[in-house]
Amino acid sequence: MQYLRYLGELTYNPIVILVMAIVGLILSTFVQGLFQLAFAKVFGMKVTDILIFGLKYTKLKNGKWEKRGHKAGIGLQVLTSFDLEREAETDSKKLIAREKGYMIVSALVMLLAGIGIFTGLLIATFKVYSYFLGSVFFLLGAWTLVFIIGKFCTTISVLAKVNASKSLSGYAQEGLSMLRSGVPFDQMDLKPIREMNYKKVWDTERMLYFLLYFEYLDANDYFDRMPEAVADVESVLKPNSIDTKINLGICMDLVYYYSYHNIVPSKAKEYYHRIIDDISKDTEPNAMFVKGFYELNCFGNVETAKTCAIKALEKIEEFSVPVEREYCRKCINRLNHAIDNFPGKAL
């Protein structure tokens, strides 16, 4: 009882509680991020981006890190993915199993680390002779553990959703598996979300599926289905969402959509400026053809669009997996056709 009374006395100051909550949140992000970095290579993943207090650094193909701007952010965030070029021959089911293993191991070790941090700070709480230091140690340990438990539960929830046979996440993963395995878009039969009748669809699931579904529609010339898909993802895409690969990919698709399929310069500019730090420095073929359409149809910059098309073709043979490579080549051909037929183009 004496210990409980002591702990109660340590948690009375609302300012200390708030400050330690913020510090605990930041510490939990570093614990999670460091273990993601530690286990990524073990499971064949690669680190693509690191965000430290909003400063974003992207790893280029030559192994160097490049700063990609700054946005509001707290703590450390690590983004990872498979190197699809290196893993092109690996069975998709094995890749999915490895990704799940990476998530589970990272989450479990993170949880154990959180318990260890809390235990260590709790012991320190009873060894100091200052109520202030005691409250700092106890609250920091408690808040850090709370946030780490939250992150652990989120990871388990995501895995449960992906494992579920009747979920949009599972459906999207099956489509991505086909893509990695070399199944061309014209042999897929992807459905709009409304036709699949899932009981519950999370916003993140909609966003993940859109990346695959949009390319499927575009590659197969199902242009009449695009407005519905775009309206659906726009309804869940938040203006100030954290820069993840999913958000970046969606915004890039929307820049393309509003610069080519449904030309609305104001909308294209809106999405372009959301990802300007990334897309302006991205020299991959998919980014280059998007920038080409953007420059051509939003600003009338024919010569800049030509340059984008040329640069896109220069790297096309090194880009992604074969199916996406052919899709990208098709889009570059569309760009060249649009350039040749642009109104007022000099002969």
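The values are calculated or read from the model by the stated rules, or taken from the named source; none is laboratory data. All of these numbers come straight from a predicted model, not from anything done at the bench. Methodologically, a virtual Cβ is constructed for each residue, glycine included, from the backbone with ideal geometry; neighbour enumeration extends over all protein chains shown. For accessibility, only protein heavy atoms count, side chains too; no ligands or nucleic acids. Shrake-Rupley method; radii C 1.70, N 1.55, O 1.52, S 1.80 Å.
List of remarks:
- Going by accessible surface with a 1.4 Å probe and the largest first, LYS56, LYS291, LYS151 read LYS151, LYS291, LYS56.
- Taking the Cα centre of the chain as origin and assigning +1 to Lys and Arg Cβ atoms and -1 to Asp and Glu Cβ atoms, the resulting dipole is close to 1000 debye.
- Helix-only mean residue ellipticity at 222 nm for the chain, each DSSP H run of n ≥ 4 adding -39500 (n - 2.57), per residue, nearest 500: -21000 deg cm²/dmol
- When the surface is traced with a 1.4 Å probe over the full set of protein chains, VAL146 keeps roughly 80 Å² accessible.
- A prolate overall shape is assigned to the chain, the ratio a/c of its alpha-carbon gyration tensor axes (a ≥ b ≥ c) being 1.5 or greater and a/b exceeding b/c.
- Each residue of the stretch 60-70 was assigned a 3J(HN,Hα) from its phi angle through the Karplus curve 6.51 cos²θ - 1.76 cosθ + 1.60 (θ = phi - 60°); the sequence is 7, 5, 7, x, 7, 9, 10, 6, 10, x, 9 Hz, with glycine and proline shown as x.
- Per-residue SASA entry for THR204, accessible area with 1.4 Å probe, Å² rounded to 10: 100
- Residue pairs, from the table LYS46/LYS199; LYS191/LYS238; LYS64/LYS94, whose Cα atoms sit over 26 Å apart: LYS46/LYS199; LYS64/LYS94
- Spatially proximal aspartates and glutamates relative to LYS100 (Cα-Cα < 15 Å; intrachain offsets below 8 disregarded): ASP91, GLU174
- With 0.36 nm allotted per residue and the present C-alpha distance subtracted, the VAL146-ARG225 stretch has 24.0 nm of extension available.
- Of the listed residues LEU55, LEU145, the order by accessible area with a 1.4 Å probe, largest first, is LEU55, LEU145.
- Cβ-Cβ FRET estimate between THR283 and HIS337, R0 fixed at 25 Å, reported to 0.05: 0.65
- The slack between VAL183 and CYS153, meaning 0.36 nm per residue of separation minus the straight C-alpha distance, is 7.4 nm.
- Table column - 3J(HN,Hα) (Hz), the stretch 299-307, Karplus curve with 6.51, -1.76, 1.60, x for Gly and Pro: 10, x, 7, 5, 5, 5, 5, 4, 4
- Residues whose placed amide H lies under 5 Å from that of THR48, excluding near-sequence neighbours: LEU79, THR80, SER81
- In order along the stretch 188-194, the Karplus-derived 3J(HN,Hα) couplings, from 6.51 cos²θ - 1.76 cosθ + 1.60 at θ = phi - 60°, round to 8, 9, 7, 9, x, 4, 4 Hz, and Gly and Pro are given as x.
- Nearest-ten-degree value, helix 14-40 long axis tilted from longest Cα axis of the chain: 60
- Structural descriptor for the chain: relative contact order 13 percent, calculated from alpha carbon pairs under 8 angstrom and at least 6 residues apart.
- Seen against the Cα atoms of the chain and their longest principal axis, helix 265-274 is set at about 40 degrees.
- Listed residues GLU205, GLU228, GLU215 arranged by accessible area, highest first, probe 1.4 Å: GLU228, GLU215, GLU205
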